[in-house]
Amino acid sequence: MAREKVVKRGPQPDAGEQKPLPAADEPAIKSLRPRRLAEYIGQTQVVGNLAVALQAAKQRGEPLDHVLLHGPPGLGKTTLSHIIATEMETTMVATSGPMLEKPKDLMGILTNLEAGQVLFIDEIHRIPHTVEEFLYSAMEDFQVDFVLDRGAFAKTIKIPLKRFTLVGATTRAGLLTAPLRDRFGILLHLDFYTAEELTEVVARSADILDIPIEPDGAFEIARRSRGTPRIANRLLRRVRDYAQVHGRGVITRDIARLALEREGIDERGLDALDRRYLATIDELYAGGPVGIEALAATLNEETDTLEDIIEPYLLKEGYVIRTASGRKTPQARADQPRLFSVG
Ligand code: ADP
């Protein structure tokens, strides 16, 4: 099987711009990425639409239309971009919005692309506006206008590009400008996975990593993984450690429960920050509504962290409601105990 080569291009971002990823887990998680579309679990509609587009492009002998992938972090956007490159029998060049600080950063990448190659831009909503404008003609006409000199001697030269496929990934499709969004031919939205789908992800990863696991153990990890394969894979590794040290090495339901409890993951799959977020609204703001800025300041977190990482799952599961005047928790019933408490 041909493995796609990935080249990271662009200046290194400041440390402050880097995503807070579980870096220690990355090497192992990378090897868990499904490489072909047929191995990609869940997201049936996305996979179905993509399969048709891939087959049609291949039959015509053309590169795939530009693809925009949107959805919360850890759901498989980068993985799908790798898969697109593999299925189109080409290679992928990866960069991200914050890495493209100046037009020349993007120009260097675009002019070096080979015919049919996939250019993956993660966090595409964070591309500076001056850089984004260069993308328009690159995506539409496969050329870029480069301005030489300035003032009276300014001269524009058109640089032709090879036909490539841009795959953009974003956690916030709403932050994309209309001209950029309109230039993507294929728009795919990734949603949270069901516990059953994540059970398959956990079982597959356990198989690859040679971890003995019982079906109940896989389900226990899956149902507490916030609908997110990246979290499921990370928890699987933590539970494996626990099973090795405190059990017989096999992940059973009981071992999974004990290990996840130690990791601070509760029955509902919520972690410490989720609970602190909900308890803050519930107790300090009497159930809300509270503005995101005030909430972020109280929690000492970035608003982006709350909006990109914490809230999507809590909103989807109905733990929090977003209204015009701010976030609030659903009305607690008088006969029910409070679910969350601060501290
Ligand atoms: P994103 O780019 O959306 O943040 P990634 O593509 O990096 O997410 O996915 C995170 C991890 O989750 C990957 O390393 C991969 O192992 C796993 N993963 C994602 N989607 C799937 C899937 N559909 N099936 C199996 N594993 C998946």
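A few points about this structure:
- Average accessible area per residue (Å²) across the chain - probe 1.4 Å, nucleic acids and ligands excluded: 50 Å²
- Computed from point charges on the beta carbon alone (+1 for Lys and Arg, -1 for Asp and Glu), the dipole magnitude for segment 272-328 about its Cα centre is near 260 Debye.
- Sorted peptide list for 231-238, 258-265, 301-308, criterion being average Cβ within 10 angstrom, highest first: 231-238, 258-265, 301-308
- Surface share of carbon and sulfur [accessible, 1.4 angstrom probe, percent] for the chain: 50 percent
- DSSP bridge orientation in the chain - percent antiparallel, rounded to nearest 5: 30 percent
- Percent of C-alpha pairs per 20 Å bin, the chain, short to long: 27, 53, 19, 1
- Alpha-carbon Debye profile of segment 100-253, log10 I(q)/I(0) at 0.10, 0.12, 0.15 Å⁻¹: -0.57, -0.69, -0.83
- Sorted into 10 angstrom bins from 0, the C-alpha pair distances of segment 170-288 split as 13, 35, 24, 19, 9, 1 percent.
- Reducing segment 157-225 and segment 250-264 to their Cα centroids gives an inter-centroid distance of 26 Å.
- Beta bridge orientation in segment 37-189: antiparallel %, DSSP, nearest 5: 25 percent
- Proximal aspartates and glutamates to Lys162, defined as alpha-carbon separation beneath 14 angstrom and excluding residues fewer than eight positions away on the same chain: Glu62, Asp65, Glu114, Glu140, Asp141
- Charged neighbours of Gly227, selected by a Cβ distance under 11 Å, balance to +2 (K, R count +1; D, E count -1).
- Relative intensity, log₁₀ I(q)/I(0), of segment 37-189 from a Debye sum that treats every alpha carbon as a point, q = 0.11, 0.12, 0.13 Å⁻¹: -0.42, -0.49, -0.58
- Alpha-carbon Debye profile of segment 213-343, log10 I(q)/I(0) at 0.12, 0.13, 0.17 Å⁻¹: -0.52, -0.60, -0.89
- Cα-based equivalent ellipsoid of segment 272-328: semi-axis lengths in Å, sorted from largest, via gyration tensor: 13, 13, 11
- Computed packing ranks the peptides 172-179, 269-276, 148-155, 221-228 as 221-228, 269-276, 172-179, 148-155, most packed first, by mean other Cβ atoms within 10 Å.
- Radius ratio Rg over Rh of segment 195-262, counting only Cα atoms, Kirkwood formula for Rh: 0.91
- Less than 5 angstrom separates the built amide H of Ile213 from those of Ile251, all sequence-distant by 5 or more or on a different chain.
The values are calculated or read from the model by the stated rules, or taken from the named source; none is laboratory data. Note that the structure is a prediction, hence the values are computed from the model and not measured. When we count neighbours, we look across all protein chains shown, and the Cβ atoms used for this are built from the backbone with ideal geometry, even at glycine. Side chains included, ligands, DNA and RNA excluded: accessible areas come from the protein's heavy atoms. Shrake-Rupley method; radii C 1.70, N 1.55, O 1.52, S 1.80 Å.
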